[in-house]
1. Assess whether THR189 counts as being touching a residue at least 40 places away in the same chain (Cβ under 8 Å) and farther than 17 Å from GLY119 by Cα.
2. What number of residues within region 159-181 are among the acidic types (Asp, Glu) and surrounded by fewer than 18 Cβ atoms within 10 Å (Cβ to Cβ)?
3. Among the residues of region 358-375, which ones are exposed (fewer than 13 other Cβ atoms within 10 Å of the Cβ) and either touching a residue at least 60 places away in the same chain (Cβ under 8 Å) or over 28 Å from THR191 (Cβ atoms) (or both)?
4. If you go through region 345-357 one residue at a time, do you hit one that is farther than 17 Å from TRP175 by Cα and modelled with pLDDT under 95?
5. Inspect all residues belonging to region 256-264 and state whether any of them is within 16 Å of SER120 (Cα to Cα) and touching a residue at least 40 places away in the same chain (Cβ under 8 Å).
6. Filter region 87-114 down to residues that are part of a loop (DSSP other than H, G, I, E, B) and at pLDDT 95 or above and give me whichever is surrounded by the most Cβ atoms within 10 Å (Cβ to Cβ).
7. Please list, ordered by first then second residue, the pairs with beta carbon atoms under 9 Å, 6 or more apart or interchain, first in region 334-355 and outside any helix (DSSP H, G or I), second of a type in the set (Lys, Arg).
8. Does region 118-138 hold any residues that are more than 18 Å from the chain's Cα centre (by Cα) and crowded, with 20+ Cβ neighbours inside 10 Å, and which are they?
Amino acid sequence: MPSRLRTFLTYIGAVGVVVAAIVVLVIAQQPSSTISSNPTADTAQVANASLPSEATPLETAPLSPPSPNTEQSIASVARTQDPYPFPQELFPVIHEKTRAALVNIFCATSGGSFQSTSGSGVIIDPRGIILTNAHVAQYVLLAQSSRTDLSCFVRYGAPAQALWEAEVLYIPPVWVGEHAADITNANPTGTGEHDYALLRITRPAGDLSAAPEPIRIPSLPFDTREAIAFPSDFVLAASYPSEFIGGTAPYFNLFPVSSIAPIGELLTFEARSVDLISLRGVAEAQSGSSGGPVVNAWGYLVGIITTTSEGATTADRELRAITLSYINRDLVTQAGLDISDILSGNVEARAAEFEAKQAPALVQALVDELSKRSR
């Protein structure tokens, strides 16, 4: 080998060693993140979600910005190792199963006292039990009362078509008490705390028969274990978004949308528990998506969409979903029963009991706020 060529190659090799050393040094000096981006990490930090909120449209209540005076990393949680005795599914399969259980909840009035509203939900029991947000279900609650001219329908398919009517099986009274005044606010605020509800499909839309045929609808299994959804795990989010579709009657041409994205943060309201998970850059970060499912790689429902930050496009926004573990824990606190307890009983009788004992006071609180607007 010519001596000049040998000298040149030796020089290049020495430069490469120096550059590699510099790169290693820079990487070693980078600050560590509060949330691990490693999908096989054993633990992750839980950040505080109880912060002041911004205003966004009703169907996707607001997300609060971090506070410089709030301690963000308040707890660590451990990953549930090997959570299921079977392998993960392909996301195209999960997509099909999720779409089959996804519904649109549409409410409108002929008298003009309400604006039309649209939200999403997911069927968690083949008898037609829907999990959605309280800020969506409050309109179904009002529609059950003869004191309003509101009608609500559970819609399905692409585009969404009104197939069923529904009633409230449970909505947390604490949520109504804290947010009744927001029903007259075009840009209500909230963190997502207590923002869940259960609906029961009662009959086909427009069917007034006393004894409709038993309902059997595709449903999603759910997982209420803590930290079953972890940072960097890929999940599928689905909904019937309505904010950016345009048109003179946008709610009448809604199509389901789904996205696959990694979980960002784990967040909590007050306790050292995982109450919310965050996603970024997904199409569901817009009005109408509230109540839509977030499903893990094994096909289990792990959260429902509840809030989004503001932004000109969905790519600029952060989406948050309350976890099934939070919903289950809060149900026990508020109602003395968890999701499985409710579903294992006579859901028709439970819905009738709720309507008789708790619904009147909740409807009154909402109607009182609406009457203030009409004065």
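The values are calculated or read from the model by the stated rules, or taken from the named source; none is laboratory data. Every value quoted in this text rests on a predicted model; they were computed, and no experiment measured them. Reconstructed Cβ throughout: ideal geometry from the backbone, glycine too, with neighbour counts over all protein chains shown.
1. Here the answer is no, as THR189 does not meet what is asked.
2. 1
3. ALA361, ASP368, LYS372, ARG373, SER374, ARG375
4. Checked against the condition, which is being farther than 17 Å from TRP175 by Cα and modelled with pLDDT under 95, region 345-357 yields at least one hit.
5. Checked against the condition, which is being within 16 Å of SER120 (Cα to Cα) and touching a residue at least 40 places away in the same chain (Cβ under 8 Å), region 256-264 yields at least one hit.
6. That would be GLU89.
7. LEU337/ARG350; ASP338/ARG329
8. Scanning region 118-138 gives a single hit, GLY128.
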